[in-house]
Amino acid sequence: MVGIVLVSHSERLAHGLRDMLVQVAGEEVPIEAAGGTDDGGLGTSYDRILVAIDRADRGAGVLVLTDLGSAVLTAQTVLEDRVANTAVLVDAPFVEGAVAAAVLAGAGADLAECTRAATEARDVRKL
Amino acid sequence: MVGIVLVSHSERLAHGLRDMLVQVAGEEVPIEAAGGTDDGGLGTSYDRILVAIDRADRGAGVLVLTDLGSAVLTAQTVLEDRVANTAVLVDAPFVEGAVAAAVLAGAGADLAECTRAATEARDVRKL
Amino acid sequence: MDAALARAWVAAVAASVTAHAAELTDLDAAIGDGDHGVNLRRGFDAAVAALASFEADSAGAVLTKTGTTLVSKVGGASGPLYGSFFRALGKTLSDDPDAFADGLRAGLDAVVRLGKAEPGDKTMVDALVPAVDAYAAAAPSGFAAAATAAAGAAADGAAATTPLQARKGRASYLGERSAGHQDPGATSTALIFAALAGLG
Amino acid sequence: MDAALARAWVAAVAASVTAHAAELTDLDAAIGDGDHGVNLRRGFDAAVAALASFEADSAGAVLTKTGTTLVSKVGGASGPLYGSFFRALGKTLSDDPDAFADGLRAGLDAVVRLGKAEPGDKTMVDALVPAVDAYAAAAPSGFAAAATAAAGAAADGAAATTPLQARKGRASYLGERSAGHQDPGATSTALIFAALAGLG
Ligand SMILES: Nc1ncnc2c1ncn2[C@@H]1O[C@H](COP(=O)(O)OP(=O)(O)O)[C@@H](O)[C@H]1O
Ligand SMILES: Nc1ncnc2c1ncn2[C@@H]1O[C@H](COP(=O)(O)OP(=O)(O)O)[C@@H](O)[C@H]1O
Ligand SMILES: [Mg+2]
Ligand SMILES: [Mg+2]
Ligand SMILES: [Mg+2]
Ligand SMILES: [Mg+2]
């Protein structure tokens, strides 16, 4: 199963989004929240992201989603430092992309398909 | 000041996003979380949305952002029922649109400008 | 329709969604988020409770109250959708208690106006459209016959969603994978019309 | 540069960002999220603490360790950016302790590669580019003169961000409204080079 890592500046936001994704993806999809700084403040944590990716990695790849551009910088640094090259950062709307990816991951889709769904979520209209 | 209402299926998500927005917008911008069902479960609450809009309405209009299409349906029903016609639903990525709108609301922008910023957040690339 | 019949309908729907809650939830788990049974049970139980302390002597008032309660208590997309349906139906009956066919049509229109689903999108609309059409066609034969026709059409419409690909909501992300599962909302629409037919 | 000088530099930066934390935070509150002072203070304090228990006899190792600590402790965009800067600088010095100008250039390249900001985007790059260029130009005159030149150029570069419109990060949403405020990251870059000049 493809894993999903949620990198947010807010720990609460990341966990709340994880709750939503588990509902649509089912319990089998590894979905990890990496929100907040090391001490739970607003910001991003290299260590939390690294741990989350390692946990979500079950061999089928990991999709990493970020809330703001600055979270991308930390996530990208983690990915560059990480030896196992199984995680990809996707340029997608955070919540909408994560929901799309989780739905597909839960249906057994592979990393490329989950990545595409997350990216395409940008173009789905709400109204 | 333009108000912002965050309609999410998750109470935690809405509150976490609110924390982030307060950081960029400052304390003066009325930002209200309307996450979860009446009893705090996953879903959306008509009453929470209504209360949040009323609280965020300081006369300069209210921007309502939603996480998923199904939240739109509840928010839209609230807006149709509400007598005061000062709130608008915007079709924008939830987190990214809210951050953009909050930055501008904090800078004193009006409802139209905040709405445009939220909508345009869709096209801002992260990578 | 009079107030007593409207109350009986809402109570019958509540009983039916309770009896079928697990089935609705399983259908929703396959292509959605697995809460449709819980949502409707919460909503219709709340409607029954609200009606118990609601003094109304018309079907219009009873169904409008039911709609308002569903809007605020269901918590999922089906809440504002079914809520709009019952509110529009109730409003029509408030003007003319005998205009049940028109009321159903107004309810359908409200659902489409809010949710913007088209027939074939694999939603409750796929059960609602044939049900409303069948009721109108059979209305000259009386309420019982029309309700029975509507229930059959809704059930057929729900069954016909199985091979469809979803184009609304979360299920739409599944693309081809959403085919092969019956839509939960279309299924609950069939229950609502079955409950109506059961009154006859 | 030797290990002792590198340690002294990091300690001086930590002292400087502590002294200027409120100023950096105020600048960031105007066009960002108001945490740049807190972020850098946390990061450089952590770097000083990490170095205290770190046995290294080369500037390269000291600065690489500093970068790694910043990456993981700052919590904002400036963490991976300054972290990459110090890691790239440290790596260059590990190969050749005298190649400070080359190291600064490698640091700048790492910042640009990660953050993709161009000069004029109203970021730390607007202070970093002139500082690295000035150091290289003055390097033949020795470390002290080059560091002083770099510090002056960084301060000028930071000041020159004031009229610019931001094109990166949250500040970019402000469009024209971001003009009239000095960029916090460019300001802290000036502090880092002022601390370098202070060692001479
Ligand atoms: N835009 C829409 N138009 C019509 N029906 C819809 C729409 N969105 C969802 N539905 C119906 O609602 C059902 C799901 O309801 P429910 O599970 O209660 O809400 P949610 O999807 O918010 O969890 C779907 O099976 C579908 O029939
Ligand atoms: N992509 C980027 N490239 C270069 N510098 C950047 C970039 N993004 C942000 N910065 C710099 O980082 C500074 C903000 O740092 P900080 O406040 O610590 O992080 P955050 O923006 O995550 O809160 C900005 O003032 C800017 O100089
Ligand atoms: Mg559901
Ligand atoms: Mg739901
Ligand atoms: Mg900041
Ligand atoms: Mg920050």
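The values are calculated or read from the model by the stated rules, or taken from the named source; none is laboratory data. All of these numbers come straight from a predicted model, not from anything done at the bench. Cβ coordinates were reconstructed from backbone atoms using ideal geometry, including for glycine residues, and neighbour counts include every protein chain displayed. Surface areas here come from the heavy atoms of the whole protein model, side chains and all, with no ligands, DNA or RNA. Shrake-Rupley method; radii C 1.70, N 1.55, O 1.52, S 1.80 Å.
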**OP:** With the checklist (1) open to solvent by 10 Å² or more (accessible area, probe 1.4 Å); (2) under 30 Å from C:G185 (Cβ atoms) in hand, flag the one item B:S8 doesn't pass.
**Re:** (1)
**OP:** Return a yes/no flag: does region A:104-121 have any residue that is farther than 23 Å from B:A71 by Cβ, among the polar types (S, T, N, Q) and either in a helix (DSSP H, G or I) or modelled with pLDDT of 95 or more (or both).
**Re:** yes
Subject >> Members of region D:37-56 found to be touching a Gly at 6+ places or on another chain (Cβ under 8 Å) and open to solvent by less than 10 Å² (accessible area, probe 1.4 Å), listed by number >> reply: D:N39, D:G43
**OP:** Taking the residues in region A:31-47 that are open to solvent by 20 Å² or more (accessible area, probe 1.4 Å) and more than 19 Å from A:V95 (Cβ to Cβ) as candidates, determine which candidate is nearest to the other protein chains (Cβ to nearest Cβ).
**Re:** A:Y46
Original post:
Which of (1) more than 10 Å from chain B (Cβ to nearest Cβ); (2) among the small types (G, A, S); (3) over 25 Å from C:R177 (Cα atoms) is the odd one out, the single condition A:A105 does not satisfy?
Top reply: (3)
Original post:
What pairs can you find where one residue is in region D:33-59 and closer than 17 Å to D:L5 by Cβ, the other is open to solvent by 60 Å² or more (accessible area, probe 1.4 Å), and their Cβ atoms are less than 6 Å apart, with a gap of 6+ or different chains?
Top reply: D:L51/D:R7; D:F54/D:K65; D:A59/D:D2; D:A59/D:P97
Original post:
When B:S70 is evaluated against the numbered criteria (1) in contact (Cβ under 8 Å) with a residue 60 or more places away in the chain; (2) more than 16 Å from ligand 4 (Cβ to nearest atom); (3) not acidic (D, E), which criterion, by number, is the only one it fails?
Top reply: (2)
Original post:
Restricting the search to region C:9-24, which residues are surrounded by fewer than 22 Cβ atoms within 10 Å (Cβ to Cβ), closer than 25 Å to A:D19 by Cα and touching a residue at least 40 places away in the same chain (Cβ under 8 Å)?
Top reply: C:E23
Subject >> A:A60, sole failed condition from (1) within 8 Å of another protein chain (Cβ to nearest Cβ); (2) open to solvent by 10 Å² or more (accessible area, probe 1.4 Å); (3) among the small types (G, A, S) >> reply: (1)
Subject >> Lone qualifier among C:A101, C:A158, C:A186 - being more than 14 Å from every other protein chain (Cβ to nearest Cβ) and farther than 26 Å from B:G43 by Cα >> reply: C:A101
**OP:** Among residues belonging to region C:166-199 that are touching a residue at least 24 places away in the same chain (Cβ under 8 Å) and surrounded by fewer than 18 Cβ atoms within 10 Å (Cβ to Cβ), point out the one that is farthest from the chain's Cα centre (by Cα).
**Re:** C:R167
Original post:
Any residue at all in region D:132-152 that is of a type in the set (S, T, N, Q), surrounded by 22 or more Cβ atoms within 10 Å (Cβ to Cβ) and over 14 Å from the mean Cα position of the chain (by Cα)?
Top reply: no
Subject >> Filtered residue count, region A:88-102, keeping only those that are open to solvent by 10 Å² or more (accessible area, probe 1.4 Å) and either at positive phi or more than 10 Å from chain B (Cβ to nearest Cβ) (or both) >> reply: 1
**OP:** Being among the hydrophobic types (A, V, I, L, M, F, W, C) and touching a helix residue (DSSP H, G or I) at 6+ places or on another chain (Cβ under 7 Å) narrows it down to one of B:V78, B:V83, B:V72, B:V51, so name that one.
**Re:** B:V78
Original post:
Residue check, B:Q23 against (1) more than 16 Å from ligand 5 (Cβ to nearest atom); (2) open to solvent by 10 Å² or more (accessible area, probe 1.4 Å); (3) closer than 24 Å to A:G69 by Cβ; (4) free of Cβ contacts under 8 Å to residues at least 40 places away in the same chain, all met but one. Which one?
Top reply: (1)
**OP:** Sort out which residues of region D:138-174 are of a type in the set (G, A, S) and not in a helix (DSSP H, G or I), and write them in order of number.
**Re:** D:G142, D:A160, D:A166, D:G169
**OP:** Just one of (1) among the aliphatic types (A, V, I, L, M); (2) more than 20 Å from B:C114 (Cα to Cα); (3) within 10 Å of the chain's Cα centre (by Cα) trips up B:A33, so point out which.
**Re:** (2)
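Looking at D:L81, D:L128, D:L70 in this structure, which one is buried (at least 24 other Cβ atoms within 10 Å of the Cβ), of a type outside the set (F, W, Y) and more than 14 Å from chain A (Cβ to nearest Cβ)?
D:L128
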**OP:** Check B:E120, B:E28, B:E113, B:E80 and return the single one that is over 30 Å from C:N39 (Cα atoms), out of contact with any Asp or Glu (no Cβ under 7 Å at 6 or more places or on another chain), within 14 Å of chain A (Cβ to nearest Cβ) and open to solvent by 40 Å² or more (accessible area, probe 1.4 Å).
**Re:** B:E120
